[in-house]
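The values are calculated or read from the model by the stated rules, or taken from the named source; none is laboratory data. A quick note: this is a predicted structure, and the numbers were derived from the prediction, not measured. Here the Cβ positions follow ideal geometry from the backbone for every residue, glycine too, while neighbour counts run over all protein chains shown.
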Amino acid sequence: MYDYLIVGAGLSGAVFAHEAAKRGLNCKVIERRDHLGGNIYCEQVEGINVHKYGAHIFHTHDKAIWEYVNQFAEFNNYVNSPVANYLGTMLNLPFNMNTFSKLWGIRTPAEAAAIIERQRGEIAGEPRNLEEQAISLVGRDIYEKLIKGYTEKQWGRPCSELPAFIIKRLPVRFTYDNNYFDDRYQGIPIGGYNKIIDGLLDGIETATGVDFLADKAGWAASAKAVVYTGMIDEYFGNSLGELEYRSLVLDTKTLDESNFQGVAVVNYTDAATPYTRVIEHKHFEFGQQPKTVVTYEHPSDRKPGMEAFYPVNDERNQALYQRYAELAAAEPNTHFLGRLAQYKYFDMDDAVASALELSRQLL
Ligand code: UDP
């Protein structure tokens, strides 16, 4: 009998398993996919660590979380500075003086602030959705060129029907600073994310290609408690209806050139281009390989057999999630952890924090 059965070998499950094992508890981790690591899993192609499930850039403001992940790998000094391609014009992200200057031909923060101030005037009162939030943050020009098309492709619905918090993830700066994140700590693990997962799960029994839900009762009986990191609605057999998740179709190609786009991430912010981002993986680690690997990210509704990437935290889904959360709270000996089980738009540092919090509560 295990002390803990951990369902899902992504970052959340691996951190919890590590903490439990560190305290001498007997754990097993089972994973439906044929590899460990969940969405931070990387695959080596042409000597390049390819982020198999889209770009993952670790960033946090929390020193303790930073030190936690640094136990397992040294991090490089990569700073995410993506560039937006809007109908062929290259504009810096996040929204900063480089963006404003190129867009409006201005030079100073005061000039940029005056333009934005004028444009945001069209929103009165508290923004009620992503569209209003975006216009009130950066004005209509930037909303139309850098936000609307990208966001509607990414989420598959109008910005006026999306929650405002999604856009608050992005900083707006009146300095010439292209660093996408405001966080104090940032980087990519040298040697790839698999090193972190391997470190976390070192010495712990794992099994891949195993579907917990195919024999929920049987698996649950194998341990005193379960930590479940899969989709919460699936756990309950979708009994209250399906929660929506956005998925991605990732189209990865190896190119016979050394430097395709000169930066790790280019966002395509117009509505017509079918993909949202092109990732050139080698730039995460300053690679000098003769070839390059690029991934085109096509957002999509999640259809059967596709991975769930993003919870859709609109009102309808949020209300449904609350009802599942009530079922979850009443579920004996099962704890729900991570982006899919907590139905929350966690970044990696949030996932680590949430797993550490659960281990403090339980262990
Ligand atoms: N976003 C945008 N334009 C961009 C990049 C992002 O409008 O060029 C918006 C979009 O709504 C997206 C959100 O900001 O869903 C959060 O972007 P982030 O880069 O944090 O998304 P992730 O990396 O988690 O997919």
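What the table shows:
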{"item": "Pairs, first assigned to a loop (DSSP other than H, G, I, E, B) in region 330-345, second more than 15 Å from the ligand (Cβ to nearest atom) and of a type outside the set (A, V, I, L, M), C-beta under 6 Å, six or more apart", "result": "337/12; 337/229; 338/12; 338/229; 340/230; 341/228; 341/229; 343/321"}
{"item": "Single residue of 96, 76 found to be away from the ligand (no atom under 16 Å from the Cβ) and in contact (Cβ under 8 Å) with a residue 40 or more places away in the chain", "result": "76"}
{"item": "Residue, nearest to the ligand (Cβ to nearest atom), within region 162-177, restricted to residues that are farther than 16 Å from residue 102 by Cβ and surrounded by fewer than 17 Cβ atoms within 10 Å (Cβ to Cβ)", "result": "169"}
{"item": "Failed condition for residue 108, given (1) within 25 Å of residue 347 (Cα to Cα); (2) of a type in the set (Ser, Thr, Tyr); (3) surrounded by fewer than 15 Cβ atoms within 10 Å (Cβ to Cβ)", "result": "(1)"}
{"item": "Qualifying positions in region 5-26 - buried (at least 24 other Cβ atoms within 10 Å of the Cβ) and not in a helix (DSSP H, G or I)", "result": "5, 6, 7, 8, 9, 10"}
{"item": "Pairs, first among the acidic types (Asp, Glu) in region 254-274, second exposed (fewer than 13 other Cβ atoms within 10 Å of the Cβ), C-beta under 8 Å, six or more apart", "result": "270/87"}
{"item": "Search result, residues across region 99-127 that are more than 15 Å from the ligand (Cβ to nearest atom), polar (S, T, N, Q) and under 29 Å from residue 273 (Cα atoms)", "result": "101, 119"}
{"item": "Flag for residue 316 being basic (Lys, Arg) and within 16 Å of the ligand (Cβ to nearest atom)", "result": "no"}
{"item": "Failed item, numbered, when residue 242 is tested on (1) surrounded by 13 or more Cβ atoms within 10 Å (Cβ to Cβ); (2) within 22 Å of the chain's Cα centre (by Cα); (3) at pLDDT 95 or above", "result": "(1)"}
{"item": "In region 252-290, residue nearest to the ligand (Cβ to nearest atom) [restricted to those that are in contact with a helix residue (DSSP H, G or I) (Cβ under 7 Å, 6 or more places away or on another chain) and in a loop (DSSP other than H, G, I, E, B)]", "result": "269"}
{"item": "Failed item, numbered, when residue 44 is tested on (1) surrounded by 15 or more Cβ atoms within 10 Å (Cβ to Cβ); (2) within 30 Å of residue 251 (Cβ to Cβ)", "result": "(1)"}
{"item": "Residue satisfying all of: in region 178-188; within 13 Å of residue 75 (Cβ to Cβ) and either under 16 Å from the mean Cα position of the chain (by Cα) or of a type in the set (A, V, I, L, M) (or both); surrounded by the most Cβ atoms within 10 Å (Cβ to Cβ) among these", "result": "188"}
{"item": "Test set (1) surrounded by 14 or more Cβ atoms within 10 Å (Cβ to Cβ); (2) closer than 15 Å to residue 232 by Cα; (3) free of Cβ contacts under 8 Å to residues at least 60 places away in the same chain - residue 350 fails condition number", "result": "(2)"}
{"item": "Condition broken by residue 352, with the remaining ones in (1) closer than 21 Å to residue 33 by Cα; (2) in contact with a Ser or Thr (Cβ under 7 Å, 6 or more places away or on another chain); (3) assigned to a helix (DSSP H, G or I) satisfied", "result": "(2)"}
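Residues are listed down the side, and each one gets a yes or a no for (1) within 12 Å of the ligand (Cβ to nearest atom); (2) farther than 20 Å from residue 85 by Cβ:
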| site | (1), (2) |
| --- | --- |
| 132 | no, yes |
| 139 | no, yes |
| 144 | yes, no |
| 148 | yes, no |
| 155 | yes, no |
| 160 | no, yes |
| 179 | no, no |
